[in-house]
Amino acid sequence: MLTILLLLVSNAFMTYAWYGHLNHKETPIVYAILSSWGIAFIEYCFMVPANRMGHEFFSAPQLKVIQEVITLVVFAIFSTWFLGESLRWNHWVGFVMILAAVAVIFGFEAPKTPGA
């Protein structure tokens, strides 16, 4: 679905905006903040349409939990690949708990009717 693709792209930009500067600590903080704002603007160009389109099919809580799962997947890849930090067992347990939240939110909520 297009919503999921847009959320993936948006989260890739936002993860880089939030954490990419950690590999460039020699850069003055004001430049890190300004560049992060610029990257976050690009992120919003994907996130807002994703949520608008997605709200036709998903409730707001469902959209949020989808976004959180995508954020975790993107962050796990970014953290290991770009920052060189390995994920430990407790990180994985936390991720599984969030996946349990997905099951609860999607398992006990009636599907949204488009246009409703």
| query | When residues of the stretch 49-70 are filtered for being in a helix (DSSP H, G or I) and in contact with a Leu (Cβ under 9 Å, 6 or more places away or on another chain), how many remain? | reply | 10
| remark: The correct count of residues that are surrounded by fewer than 19 Cβ atoms within 10 Å (Cβ to Cβ) and in contact with a Ser or Thr (Cβ under 9 Å, 6 or more places away or on another chain) in the stretch 9-23 is 4
| field | Every residue from the stretch 56-85 that is modelled with pLDDT of 90 or more and acidic (Asp, Glu) | value | Glu56, Glu85
| If you scan the stretch 74-92, which residues turn out to be assigned to a loop (DSSP other than H, G, I, E, B), surrounded by 12 or more Cβ atoms within 10 Å (Cβ to Cβ) and either of a type outside the set (Asp, Glu) or in contact (Cβ under 8 Å) with a residue 60 or more places away in the chain (or both)? | Phe82, Leu83, Leu87
| query | In the stretch 86-116, how many are of a type in the set (D, E, K, R) and modelled with pLDDT under 90? | reply | 2
| task | Answer yes or no as to whether Phe95 is hydrophobic (A, V, I, L, M, F, W, C), in a helix (DSSP H, G or I) and within 24 Å of His24 (Cβ to Cβ). | result | no
| Has the stretch 24-47 got any residue that is surrounded by fewer than 18 Cβ atoms within 10 Å (Cβ to Cβ), in contact (Cβ under 8 Å) with a residue 40 or more places away in the chain and assigned to a helix (DSSP H, G or I)? | no
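The values are calculated or read from the model by the stated rules, or taken from the named source; none is laboratory data. None of the values given here were measured: they were computed from a predicted structure. Reconstructed Cβ throughout: ideal geometry from the backbone, glycine too, with neighbour counts over all protein chains shown.
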